[in-house]
Amino acid sequence: MARMTMIQAINQALAQAMEADDRVLVMGEDVGRNGGVFRATDKLYDRFGPERAIDTPLAEGGIVGTAIGMAVYGLRPVAEIQFMGFTYQAFSQLVAQAARIRYRSLGQYTCPLVVRAPYGGGVRALELHSDTLEARVLHTPGLKFVTPATPRDAKGLLLAAIDDPDPVIVAEPLRLYRSHREEVPEERYTVPIGKARLAREGSDVTLVAWGSQVPTALEAAEAAEADGVSVEVIDLRTIVPMDQEAILASVRKTHRVVIVQEAPVIGGVGAEIAALVSERAILSLEAPPLRVGGYDMPYPPSAIEEQYLPSPERVRQAIDRVLAF
Amino acid sequence: MIRVDVSRRQILAPDGKLVGEMPALGPDTLRDMYRIMVLARTFDQRALNLQRQGRIGTFAPAAGQEASQVGAVFAMRRDEWLFPTYRSHPAMLAHGMPLDRLFLYPMAHPLGGVAPPGVAIYSVAISIAAHLPHAAGAAWASRIRRESKGFVALFGDGATSEGDFHEAMNFAGVFRAPLVFLCENNGWAISVPREHQTASETIAQKAVAYGFGGEVVDGNDVLAVYQATSEALERARAGEGPTLIEAQTYRLGPHTTADDPTRYRKPEELTEAERIDPILRLRLFLEGRDLWSEKEEAALRAEAQESVRAAYQKAQETPPMALGDLVPYVYAEVPPYLAAEREEMNGWRV
Ligand SMILES: Cc1ncc(C[n+]2csc(CCOP(=O)(O)OP(=O)(O)O)c2C)c(N)n1
């Protein structure tokens, strides 16, 4: 095993998938010769050539649309959208097309497509480079959505997405690309889609977080621990299809839940989770579910992004509120 | 009749010799063009340095593209709208954007890139090509209002691959929008060379398919760009519809400060590009006509340094805005829940 950053783990996963199966290819803006603007596809062009590490024209709708055609026709394309905020340009193809290929044809055609995109703030990026779009996908039956919080999960989830028979969006938290290293198994392995991870065990409050917010939740949990509050942290890993049982089981144990998300709170994934626990575990709850997230406005210019992003302090306040309820 | 000219209009050769018909520009205007180009380059270099020192954020240099932008803006009236991108600071400067606002943009201050009242510059386009339908719509609206105005939209060669570019071209053609599509073909879209972007031999020829004229110009020749844009704007103001101009130029610097062009460009390319530098070319021309001297050059360089220094200082002294200050700009009226969130933001900040 080697210690790797998330971006290295992603690069290794892509290389192993391409090595193992010649139907797998990567495509997108600057993914070939340049190896991707974040180097996720570094050296794949040299190893697999321009037909499998493809520099496309600058058109996200074209990238996803043609990747759908490739997938339907038997290849396993892994399309990169340079920043998740530019998947807007591809939404028609994702939401109105990729999501419905299987359904529309009653399984005659399928779309084993992977779309990778970095997302999230905290890296001082320009407008639209920090947008976080899981809620828009959650509301689109037919698309899957996963987001790793660790290098190990980044590799395993990406390989699971490539194996998956349906379209999967792999949302990679930009801020975690190089933030830390961990041991990542050398061999090809998968992390199952649809299964949450217990990131920290606790008994007083459950925090549900995913992707970029897992470190924030863990930090808040640690701070609470120092004050004698035992906090459980669930790393959702998959947004669609969501691991509802993992959330319910934890809430039945702790009786309190705070959801931490980076995207604006209204209409977000947290709202879905709050509805889930209200519908299915209301009698276990000692306090209303609370959400901590981005404010209900577009992502701000990066000079003031710290004021927008959830902080461990804000999460801590929410923990105190559910405890005091 | 639709005319597409791919012969690459040139008025000044790289050595500053006049090789085409001189446009009707007086000595003062020519010197002004030169001053703005030098000021833009000075700003560019200063911004790059500040970024390297970690004092400002990501910056997209425009060095090498001053002629394509300044030439086009000199053909515009001040009341005509410019649609810029993240690489348009020479054009914005020429069209009246204060230098300190240009610094505020890479400093990620909310005022960065916001034109002061009366300066006809649209918001900076970050989503590639997404501003082009807006430009077509604004120009079309001006036609509906029976005005006699021209509009200019800037974009790169990469942008011509986006659906938004094609839809904007088509709408502009169908509704005869008075818009000049000014494509700065700088050879690269980050690491992707022009040849990979489109199988068309030129970008200009795409205009034919949309029913209007197009032209290739030497984008490092400020006079050629000025002349081609002037003619296109004249046609636009006269109700004759849009034009696509492909200004062939070269990005001398990295795509942005986050990019490493040595991964995809050969060093020889840069040597050639420096030979055809647009600023050098205009200077040689002015000197050849005795319109410019060593002394004026030295004075201009010093003056440009000082303007840029003062502008950066002013930018630094601009009061910061808090997140809560942006709340009134989400909607005309702040919804109650957002007002409550604003309380929390402000409370949390202190
Ligand atoms: C819709 C969209 N996709 C991707 C990007 C990321 N991106 C920023 S600039 C750029 C290349 C643009 O090339 P070009 O249009 O030729 O303009 P240039 O940067 O060379 O001026 C890319 C891919 C973006 N900003 N917007």
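The values are calculated or read from the model by the stated rules, or taken from the named source; none is laboratory data. Given the structure is predicted, the values throughout are model-derived calculations rather than measurements. Because the Cβ atoms are built from the backbone with ideal geometry, glycine has one as well, and the counts that use them run over all protein chains shown. SASA here: full protein model, heavy atoms, side chains in, ligands and nucleic acids out. Shrake-Rupley method; radii C 1.70, N 1.55, O 1.52, S 1.80 Å.
Given the residues B:Ala224, B:Ala199, B:Ala232, which is the only one that is closer than 28 Å to B:Leu252 by Cβ and free of Cβ contacts under 8 Å to residues at least 12 places away in the same chain? Residue meeting the stated conditions: B:Ala199.
Within the stretch A:129-144, the set of residues being within 19 Å of A:Pro310 (Cα to Cα), in contact (Cβ under 8 Å) with a residue 60 or more places away in the chain and outside any helix (DSSP H, G or I) comprises A:Ser130, A:Asp131, A:Thr132, A:Leu133. Given (1) within 14 Å of chain B (Cβ to nearest Cβ); (2) in contact with a helix residue (DSSP H, G or I) (Cβ under 7 Å, 6 or more places away or on another chain), identify the lone condition not met by A:Val37. So the condition that A:Val37 fails would be (2). Taking the criterion of being without any contact (Cβ under 8 Å) to a residue 24 or more places away in the chain, among the hydrophobic types (A, V, I, L, M, F, W, C) and open to solvent by less than 30 Å² (accessible area, probe 1.4 Å), the residues of the stretch B:313-346 that qualify are B:Val327, B:Leu338, B:Met345. Look at the stretch B:260-287: where a residue is within 14 Å of another protein chain (Cβ to nearest Cβ) and a partner is aromatic (Phe, Trp, Tyr) and open to solvent by less than 60 Å² (accessible area, probe 1.4 Å), sitting 6+ places away or on another chain with Cβ atoms under 9 Å, you get B:Pro261/B:Trp188; B:Tyr264/B:Trp188; B:Arg265/B:Trp188. Scanning the stretch B:291-321 for residues that are of a type in the set (Phe, Trp, Tyr) and over 30 Å from B:Lys17 (Cβ atoms) gives a single hit, B:Tyr312. Applying the criterion of being in contact (Cβ under 8 Å) with a residue 24 or more places away in the chain and more than 24 Å from A:Ala221 (Cα to Cα) to the residues of the stretch A:277-302, the residue that is most open to solvent (accessible area, probe 1.4 Å) is A:Arg280.
Taking only the stretch A:43-73 into account, find how many residues are farther than 15 Å from B:Pro193 by Cα and either within 10 Å of another protein chain (Cβ to nearest Cβ) or within 14 Å of the ligand (Cβ to nearest atom) (or both). I'd like the intermediate steps shown before the answer.
Of all residues in the stretch A:43-73, those farther than 15 Å from B:Pro193 by Cα come to A:43-49, A:51-53, A:60-73.
Retained after the next criterion (residues that are either within 10 Å of another protein chain (Cβ to nearest Cβ) or within 14 Å of the ligand (Cβ to nearest atom) (or both)): A:60-65.
Within the stretch A:43-73, residues that are farther than 15 Å from B:Pro193 by Cα and either within 10 Å of another protein chain (Cβ to nearest Cβ) or within 14 Å of the ligand (Cβ to nearest atom) (or both) number 6.
The single condition from (1) within 14 Å of chain B (Cβ to nearest Cβ); (2) crowded, with 20+ Cβ neighbours inside 10 Å that A:Pro148 fails is (1).
Is it the case that the stretch A:94-110 has a residue that's within 12 Å of chain B (Cβ to nearest Cβ) and either in contact with a strand residue (DSSP E or B) (Cβ under 7 Å, 6 or more places away or on another chain) or open to solvent by less than 40 Å² (accessible area, probe 1.4 Å) (or both)?
Filtering the stretch A:94-110 for residues within 12 Å of chain B (Cβ to nearest Cβ) gives none.
No, every residue in the stretch A:94-110 fails to be within 12 Å of chain B (Cβ to nearest Cβ) and either in contact with a strand residue (DSSP E or B) (Cβ under 7 Å, 6 or more places away or on another chain) or open to solvent by less than 40 Å² (accessible area, probe 1.4 Å) (or both).
Restricting attention to the stretch B:293-312, does a residue exist that is loosely packed, with under 13 Cβ neighbours inside 10 Å, over 28 Å from B:Ala135 (Cα atoms) and within 14 Å of another protein chain (Cβ to nearest Cβ)? For the stretch B:293-312, residues loosely packed, with under 13 Cβ neighbours inside 10 Å, over 28 Å from B:Ala135 (Cα atoms) and within 14 Å of another protein chain (Cβ to nearest Cβ): absent.
From the residues in the stretch A:122-145 that are within 16 Å of the ligand (Cβ to nearest atom) and open to solvent by less than 10 Å² (accessible area, probe 1.4 Å), which one is farthest from the other protein chains (Cβ to nearest Cβ)? In this case the residue turns out to be A:Leu133. Residues that are among the charged types (D, E, K, R) and farther than 22 Å from B:Ile128 by Cβ within the stretch A:76-114 comprise A:Arg76, A:Arg100, A:Arg102, A:Arg104, listed in sequence order. In the stretch B:264-292, which residues are surrounded by fewer than 16 Cβ atoms within 10 Å (Cβ to Cβ) and part of a helix (DSSP H, G or I)? Those that are surrounded by fewer than 16 Cβ atoms within 10 Å (Cβ to Cβ) and part of a helix (DSSP H, G or I): B:Pro267, B:Glu268, B:Glu269, B:Thr271, B:Glu272, B:Glu274, B:Arg275, B:Leu280, B:Glu287, B:Gly288.
A:Ile259 meets all of the listed conditions (1) open to solvent by 10 Å² or more (accessible area, probe 1.4 Å); (2) closer than 30 Å to B:Met321 by Cα but one, namely (1).
Table: residues versus (1) touching a residue at least 12 places away in the same chain (Cβ under 8 Å); (2) surrounded by 23 or more Cβ atoms within 10 Å (Cβ to Cβ).
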| position | (1), (2) |
| --- | --- |
| B:Ser7 | yes, no |
| B:Gly20 | yes, no |
| B:Pro23 | yes, no |
| B:Ile36 | yes, no |
| B:Arg46 | yes, no |
| B:Asn49 | no, no |
| B:Ser68 | yes, yes |
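Every residue in the stretch A:150-203 that is part of a strand (DSSP E or B) and either under 12 Å from the mean Cα position of the chain (by Cα) or among the hydroxyl-bearing types (Ser, Thr, Tyr) (or both), please. Across the stretch A:150-203, the qualifying residues are A:Val168, A:Ile169, A:Val170, A:Ala171, A:Glu172, A:Pro173.
Evaluate the following for B:Leu30: is it open to solvent by less than 10 Å² (accessible area, probe 1.4 Å), part of a helix (DSSP H, G or I) and either at pLDDT 95 or above or outside the structural domain of B:Glu234 (by TED's automatic domain parsing) (or both)? Spell out how you get there, then give the answer.
Values: open to solvent by less than 10 Å² (accessible area, probe 1.4 Å): yes; part of a helix (DSSP H, G or I): yes; either at pLDDT 95 or above or outside the structural domain of B:Glu234 (by TED's automatic domain parsing) (or both): yes.
In short, yes.
Do you know which residues across the stretch B:123-165 are surrounded by fewer than 24 Cβ atoms within 10 Å (Cβ to Cβ), away from every other protein chain (no Cβ under 14 Å) and not basic (Lys, Arg)? Correct list: B:His134, B:Gly137, B:Ala138, B:Trp140, B:Ala141, B:Ser142, B:Ile144, B:Glu147, B:Ser148.
Applying the criterion of at least 3 residues that are more than 16 Å from the ligand (Cβ to nearest atom) to the helices (runs of 4 or more DSSP H) found wholly in the stretch B:155-259 leaves B:163-174, B:206-209, B:222-237.
Being in contact with a helix residue (DSSP H, G or I) (Cβ under 8 Å, 6 or more places away or on another chain) and within 16 Å of the ligand (Cβ to nearest atom) is the filter here; which residues of the stretch B:76-101 pass it? Answer for the stretch B:76-101, where residues must be in contact with a helix residue (DSSP H, G or I) (Cβ under 8 Å, 6 or more places away or on another chain) and within 16 Å of the ligand (Cβ to nearest atom): B:Leu82, B:Phe83, B:Pro84, B:Thr85, B:Ser88, B:His89, B:Pro90, B:Ala91, B:Met92.
What is the residue count in the stretch A:307-325 for residues that are facing another protein chain (nearest Cβ under 9 Å) and over 20 Å from the mean Cα position of the chain (by Cα)?
Filtering the stretch A:307-325 down to residues facing another protein chain (nearest Cβ under 9 Å) leaves A:307-308, A:311, A:313-314, A:317.
Pick out the ones that are also over 20 Å from the mean Cα position of the chain (by Cα) and you get A:307, A:313-314, A:317.
Selection size over the stretch A:307-325: 4.
Please tell me if A:Leu126 is assigned to a loop (DSSP other than H, G, I, E, B), in the same structural domain as A:Leu143 (by TED's automatic domain parsing) and free of Cβ contacts under 8 Å to residues at least 40 places away in the same chain. Against the criterion (assigned to a loop (DSSP other than H, G, I, E, B), in the same structural domain as A:Leu143 (by TED's automatic domain parsing) and free of Cβ contacts under 8 Å to residues at least 40 places away in the same chain), A:Leu126 does not qualify.
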